[in-house]
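The values are calculated or read from the model by the stated rules, or taken from the named source; none is laboratory data. Treat the numbers as computed from the prediction; the structure is a model and nothing was measured. Neighbour counts run over all protein chains shown; Cβ positions are idealised from the backbone, glycine included. Surface accessibility is based on the protein's heavy atoms, side chains included, excluding ligands, DNA and RNA. Shrake-Rupley method; radii C 1.70, N 1.55, O 1.52, S 1.80 Å.
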Amino acid sequence: MGKQQQQRYCIIGAGAAGICAAKYALQAGGDVTVFEQTDQIGGTWSYTDAVGKDRFGLDIHSSMYDSLWTNLPKEIMGYADYDMPEQRRSYIHWSEVLVFLKDYARNFEVDKHTRFEHLVEEVRPYGDEQWQVRVKNLRKEECSTMVFDYVLVCNGHYFDPVFPDFEGKEHFKGVQLHSHQYRKPHVFQNRNVLIIGAGPSGRDLVFAAANCAKNVYFSHHVPHKLKDAVFPDNVVQVPDVAKLHEADVEFVDGSRHSIDLILYCTGYHFNFPFLHKDCGIELDDDWVKPLYKHILNINHPTMAFIGIPFLVCTTLMFDLQSRFAIKYYSGESPLPPKDAMMSDFEREMNDRWKRGLKKRQAHMMGGEVQRDYYNDVAESAGIEPIPPVMIDMHIASHRRKNEDLRGFRNDVFRVVDGGKFEMEYVEELADRERK
């Protein structure tokens with residue numbers, strides 16, 4: 001087969017997923033353009049004190065807060081061929097992750113192919129499985145339209161916050177914030193704070209608030225109510241919210257507490273505002289469909305989504321998914337027939353529904369489910385799988401988070417003998433908050 005014209009790749013977003021997708025597209029000989037609406041590499045890891053709107057009137061993308069330390073060990077936060085730098089700690093500050101991502105982009109020259117402060121406004125099918133992409137240069141306030149052979153959507157999913165719709169919400173006279181809008185703990189000073197949600201940010205920020213708030217009420221419905229967690233004395237665990245009043249909150253057990261500030265740590269929606277309806281992608285209660293292996297747009301398979309599944313080895317999965325997509329897009333393997341992809345998609349989704357999962361859990365992995373997923377993706381495309389030891393460490397770190405909510409970041413992981421790992425609890429690391 002003769003040499004084909006260089007394939008044009010549009011990568012949307014220069015976060016941890018986008019720079020990885022771009023790296024593999026470049027290595028496959030593609031003509032790659034990465035569009036990033038902010039002024040730097042890093043995506044949600046790009047911290048800013050700003051909340052609300054940026055200088056262009058766009059919603060701030062990052063959800064990073066100043067005191068954030070990773071909730072995954074760095075040993076599983078690298079890429080397949082590019083590890084996190086060695087250091088004693090396994091759990092590191094967000095600033096170190098940002099440096100790592102920028103180093104990765106520089107090393108593989110992804111930064112040279114990135115157009116910063118460029119907003120993708122619309123993606124729509126064009127001609128024979130190509131894509132017409134309209135982009136706005138935010139600095140110059142100029143729009144342009146380009147045509148690409150492939151689009152890889154890497155815009156992340158921690159920027160469109162979910163706010164519960166509680167009765168009386170409009171009458172509450174205190175402050176209501178989402179964790180997306182939180183940056184530093186001074187907002188809690190001398191207040192009675194209600195934190196809703198026991199995901200990673202909710203669990204973290206309970207401790208941040210407890211250091212300076214009068215009282216912290218922690219509302220969640222985690223199994224066993226985090227009974228074994230050691231919280232400061234001014235933290236009270238409460239059930240779900242029933243109703244908001246002007247100056248207090250009523251809970252489903254009938255109790256009421258005076259509240260000055262509510263912090264919603266209630267997650268995020270998937271959001272792809274730039275996708276034209278003709279792209280053939282539907283969002284149904286955060287189920288992105290129809291996707292083959294949670295990656296390829298079955299209706300238009302020259303579009304891929306990198307990073308949709310959650311409760312995963314994040315960057316390693318981005319790497320695996322990127323290699324999967326580029327294996328097909330580079331011409332190394334033919335794309336599966338549409339009916340075969342649809343059949344596979346329906347089989348997996350039906351299996352999830354039979355297990356009792358809801359639509360918003362359509363992309364949930366975790367535990368051994370993620371291992372089966374990674375192996376399936378790798379086998380389907382004939383690519384190297386994620387090493388089992390990485391998944392073992394992910395499962396162990398998740399277990400430790402539940403066992404020791406306050407101290408798990410003192411754990412130090414190391415890979416030994418290739419396929420095994422060791423874990424050590426190092427008490428002296430407990431001073432990490434000094435940073």
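Here are the numbers for this structure:
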{"item": "Distant alpha-carbon pairs in the range 108-199 (separation over 23 angstrom), percent", "result": "54 percent"}
{"item": "Estimated Rh, the range 1-101: Kirkwood, alpha-carbon pairs, angstrom", "result": "15.5 Å"}
{"item": "The range 272-365: GluC sites (Glu not before Pro) falling in loop per DSSP and having at most 14 other Cβ within 10 Å", "result": "Glu332"}
{"item": "Apportionment of accessible area to carbon and sulfur, the chain, percent (1.4 Å)", "result": "48 percent"}
{"item": "Net charge of Cβ neighbours under 15 Å - reference Thr266; Lys, Arg +1; Asp, Glu -1", "result": "-3"}
{"item": "Share antiparallel - DSSP beta bridges, the range 165-250, percent rounded to 5", "result": "20 percent"}
{"item": "Centroid-to-centroid separation of the range 400-422 and the range 333-369 [C-alpha atoms, Å]", "result": "30 Å"}
{"item": "Check: the chain dipole with +1 on Lys, Arg Cβ and -1 on Asp, Glu Cβ, in debye", "result": "420 debye"}
{"item": "Loop GluC sites (Glu not before Pro), the range 53-110 (other Cβ atoms within 10 Å of the site Cβ: 11 or fewer; DSSP)", "result": "Glu86"}
{"item": "Lysines whose Cα lies under 25 Å from that of Lys74, excluding same-chain neighbours fewer than 8 positions away", "result": "Lys23, Lys102, Lys184, Lys401, Lys420, Lys435"}
{"item": "Nitroxide proxy distance, nm - points 7 Å out along Cα→Cβ at Gln189 and Ala242", "result": "3.6 nm"}
{"item": "Mean accessible surface per residue for the chain, computed with a 1.4 Å probe while every protein chain stays in place, in Å²", "result": "46 Å²"}
{"item": "Among Arg55, Arg115, Arg399, residue whose mean-square fluctuation peaks in a GNM of the chain (springs only between Cα atoms under 10 Å)", "result": "Arg55"}
{"item": "Options Tyr82, Val120, Thr38, ranked by Cα towards positive dipole end of the range 1-122, top entry (Cβ charges)", "result": "Tyr82"}
